[in-house]
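Peer 1: Have a look at the structure that comes next, please.
The values are calculated or read from the model by the stated rules, or taken from the named source; none is laboratory data. Being a predicted model, the structure only gives us computed values, none of them experimental. Neighbour counts are summed over all protein chains in view; Cβ atoms, including those assigned to glycine, are modelled from backbone coordinates with ideal geometry. The area values use the complete protein model at the heavy-atom level, side chains included, leaving out ligands, DNA and RNA. Shrake-Rupley method; radii C 1.70, N 1.55, O 1.52, S 1.80 Å.
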Amino acid sequence: MSPLLIRKPGELRELSRRWRKEGEIVGLVPTMGALHEGHLSLVRRAREECGKVVVSVFVNPTQFGEGEDFERYPRNLERDRRLLGEAGCDAVFAPAVEDMYGGGTTDLSSGERVFVEAGRLGELWEGEERPGHFRGVATVVAMLFNAAEPDRAYFGEKDYQQLKVIQKMVRDLLFGVKVVPCPTVREPDGLALSSRNAYLSPQERRAAGALWRALREAAERARSGERDARRLERAMEEVCRAEPLVRLQYAAVVDAETLERLGALGDRPARALIAAHVGETHLIDNAAL
Ligand code: AMP
């Protein structure tokens with residue numbers, strides 16, 4: 001069955017409140033559309049755990065920097081809606097930019113709007129590559145939480161830093177929603193599924209497998225006893241250097257919660273983060289160490 005299509009935040013809130021009054025658990029899966037199996041795995045998980053599932057499809061302008069791909073980001077709501085129906089989603093929330101940010105203030109950088117600052121977590125790694133990105137993410141997710149009032153919200157580990165920023169926002173700002181992290185879905189060669197993979201040429205697509213190979217190299221070395229974070233980082237760099245189409249931005253061994261760089265692996269959980277340009281396309285990935 002085709003899921004309900006909702007455009008206005010107020011309508012979503014009304015629907016969600018009605019469901020909750022009927023005793024349903026409401027799950028939210030925020031996405032930017034151009035859906036793939038990674039997104040759908042979140043939807044299926046939500047389906048298992050919630051009586052009602054809302055998926056938002058919104059390409060959020062405030063998380064894109066100047067010169068990034070906001071305009072050309074793939075959009076295909078009809079296809080997304082069909083896939084979401086098959087995955088058992090109850091409602092698709094697909095607002096226009098004006099429905100979220102108001103028609104009057106088209107200049108979102110005018111300094112007039114209220115934003116959610118992502119703090120230190122939002123300044124590291126992707127935050128350094130893309131200034132303001134996590135401020136835009138935290139702000140739109142806060143808005144989606146306010147519009148959908150979900151009991152549970154599902155986020156992919158694929159965007160690990162984003163997951164950490166959202167978890168921190170929920171703790172710090174006392175949102176009453178449970179954040180559920182979901183494992184990364186990968187292609188057979190390990191490349192994490194991403195809507196941006198569609199930008200890759202066949203050669204770039206082949207080269208992009210290096211990100212996962214680098215992460216696996218670090219994870220295997222860590223498993224065999226390597227504790228020195230620099231050596232693990234250098235091993236990742238070396239894997240990427242073998243692919244001329246891959247321009248590495250960072251390959252870092254970090255504390256899994258604070259995302260601060262580590263000198264050595266210790267007792268606390270660690271994570272390897274990687275980001276690269278493959279051709280013009282910006283790709284990120286990560287793995288537990
Ligand atoms: P996006 O549409 O890229 O904003 O992603 C929407 C949600 O899907 C985010 O929580 C992502 O982390 C998650 N996601 C994207 N790609 C994957 C993947 N390959 N595996 C699991 N989750 C993913």
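Peer 1: As I understand it, the dipole of the stretch 25-124 uses +1 on the Cβ of Lys and Arg and -1 on the Cβ of Asp and Glu, about the Cα centre. Which of P30, Y101, V116 lies farthest toward its positive end?
Peer 2: Sorting the options by dipole projection puts first P30.
Peer 1: State whether the stretch 42-138 is rounded, prolate or oblate according to the following rule on the C-alpha gyration tensor (a ≥ b ≥ c being the square roots of its eigenvalues): a/c under 1.5 gives rounded; otherwise a/b larger than b/c gives prolate, and the remaining case gives oblate.
Peer 2: Because a/c hits 1.5 or more and a/b exceeds b/c, the stretch 42-138 counts as prolate.
Peer 1: Hey, can you find the accessible area per residue of the stretch 136-181 for me, probe 1.4 Å, expressed in square angstrom?
Peer 2: Heavy-atom accessible area per residue stands at 34 Å².
Peer 1: For the pair D189 and E238, how long in nm is the line joining their label points, each one 7 Å along Cα→Cβ?
Peer 2: The two pseudo-label positions are separated by 2.2 nm.
Peer 1: So, in Å, what gap is there between the alpha-carbon centers of the stretch 218-288 and the stretch 1-69?
Peer 2: Rounded to whole Å, the Cα centres lie 32 Å apart.
Peer 1: By DSSP, what percent of the beta bridges with both residues in the chain are antiparallel, rounded to the nearest 5?
Peer 2: So the antiparallel bridges in the chain amount to around 50 percent.
Peer 1: Which order do K178, K168 take by accessible area at a 1.4 Å probe, largest first?
Peer 2: In descending accessible area the options line up as K178, K168.
Peer 1: With a Förster radius of 25 Å, plug the Cβ-Cβ distance of L5 and E49 into 1/(1 + (r/R0)^6) and report the FRET value to the nearest 0.05.
Peer 2: 0.60
Peer 1: With a point put 7 Å past each Cα toward its Cβ, work out how far E24 is from R171 in nm, to one decimal.
Peer 2: Distance between label points: 3.2 nm.
Peer 1: How charged is the neighbourhood of S41? Take every other residue with its Cβ under 12 Å from the Cβ of S41, and add Lys/Arg as +1 and Asp/Glu as -1.
Peer 2: Net local charge, S41 excluded: +2.
Peer 1: For the stretch 84-156, what is Rg from Cα atoms divided by 2.2 N^0.38 Å, rounded to two decimals?
Peer 2: Relative to the 2.2 N^0.38 Å estimate, the stretch 84-156 comes out at 1.31.
Peer 1: Further question: Just to confirm a number: summing +1 for Lys and Arg and -1 for Asp and Glu over residues other than E11 whose beta-carbon lies under 12 angstrom from that of E11, what do you get?
Peer 2: +3
Peer 1: Another question, then. So who's got an amide H within less than 5 Å of the one on V177, skipping anything under 5 residues away but keeping other chains? H placed 1.01 Å off N, in plane.
Peer 2: Those qualifying (amide H under 5 Å, at least 5 residues apart or on another chain) number zero.
Peer 1: Still on this structure, I have one more. From the convex hull of the Cα coordinates of the chain, what is the mean projected area in square nanometres?
Peer 2: That works out to 15.4 nm², a quarter of the Cα hull's surface.
Peer 1: Label 7 Å along Cα→Cβ of A288; the stretch 172-197 residues with amide nitrogen under 14 Å?
Peer 2: So the set is 181-184.
Peer 1: Do you know the Lys pair count in the chain for C-alpha distances under 22 Å, with sequence separation 8 or more or different chains?
Peer 2: Close lysine pairs under the 22 Å cut-off: 9.
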